[in-house]
Amino acid sequence: MYANRFVETDLEVKNRLWQVLCHEFFNRFVGERDTVVDIGAGYCEFVNHIRCQTRIAIDLNPDVKKFAAPGVIVIHESCMAMHSLSSDSVDVVFMSNFLEHLLSKQQVFETLQEAKRILRPEGRLLILQPNIRFLPNNYWDFFDHHTPLSDRSLVEVLQVLGMQIVHNYPRFLPYTTKSQLPKGPWFVKWYLRLPWLWSLFGKQAFIVAKKGGEQ
């Protein structure tokens, strides 16, 4: 389905876009000596470009290895049972446009619970997610979207899990890279530096949550 959705030229555009997103925005939440896990890594756009010491891609799809950059560790395990990763072992967990593909809110809960398990105390969970509050119809334009989520429902479940919300941007990025907005690096840089544009075009939420210091 993804091969049909994104042709090769689309992937080139997405990679250039993610390179800017990581350099200009996401790197501020990641330390250079951190271990970062990208859950549902897909084409590895994030994990290939984030600056850190150890990069791990989690995805059941065996084709992910084709897209992972040299040095990226690829693990084929369920997001709800990452047995290869010890508890309290990573600094940052990242998910982008992933949770809506899970089959139920129970699976979302178990995924977030597992993400918390592998995070070190004070570790950060970064979630980039289509926000159904601003996409009541378009959210369902993709056949593999199953579970409706908003920034508010994600904040609620993260708090239930004992996570501290550090940042919640209900409107951040446009819904899809197939939008009519320009995608050149210069435009993406200016978009990220002008948050008032987010309120006009943002359809995806971005949430940063921190694991408490409990052992």
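The values are calculated or read from the model by the stated rules, or taken from the named source; none is laboratory data. Bear in mind the structure is a predicted one, so any value in this text is a computation, not a measurement. With ideal geometry, Cβ positions are generated from the backbone for all residues, glycine too; neighbour counts draw on all protein chains shown.
Points to keep in mind about this one:
- The residue that is modelled with the lowest pLDDT, counting only those in the range 202-215 that are loosely packed, with under 15 Cβ neighbours inside 10 Å and more than 16 Å from residue 155 (Cα to Cα), is 215.
- Scanning the range 56-70 for residues that are exposed (fewer than 13 other Cβ atoms within 10 Å of the Cβ) and either closer than 18 Å to residue 83 by Cβ or of a type in the set (A, V, I, L, M, F, W, C) (or both) returns 60, 62, 69.
- Selection of first residues in the range 124-148 that are within 30 Å of residue 34 (Cα to Cα) and part of a loop (DSSP other than H, G, I, E, B) and of second residues that are among the basic types (Lys, Arg) and modelled with pLDDT of 85 or more, restricted to Cβ pairs under 8 Å at least 6 apart or on distinct chains, gives the following pairs, ordered by first then second residue: 131/171; 131/203.
- Residue 83 vs. criteria surrounded by fewer than 15 Cβ atoms within 10 Å (Cβ to Cβ), over 16 Å from residue 126 (Cα atoms) and touching a Leu at 6+ places or on another chain (Cβ under 9 Å): no
- Residue ID - nearest to residue 46 (Cα to Cα), chosen from residues in the range 83-116 that are aliphatic (A, V, I, L, M) and over 17 Å from the mean Cα position of the chain (by Cα): 85
- Of everything listed in (1) among the charged types (D, E, K, R); (2) modelled with pLDDT under 95; (3) closer than 16 Å to residue 119 by Cβ, the single unmet condition for residue 5 is (3).
- Taking the range 163-180 as the range and being in a loop (DSSP other than H, G, I, E, B) and under 10 Å from residue 209 (Cβ atoms) as the test, only 163 passes.
- Lone unmet requirement of (1) under 28 Å from residue 24 (Cβ atoms); (2) modelled with pLDDT of 95 or more for residue 156: (1)
- If you go through the range 134-155 and keep only what is within 18 Å of the chain's Cα centre (by Cα) and either surrounded by fewer than 14 Cβ atoms within 10 Å (Cβ to Cβ) or not hydrophobic (A, V, I, L, M, F, W, C) (or both), you end up with 139, 144, 145, 146, 147, 148, 150, 151, 152, 153.
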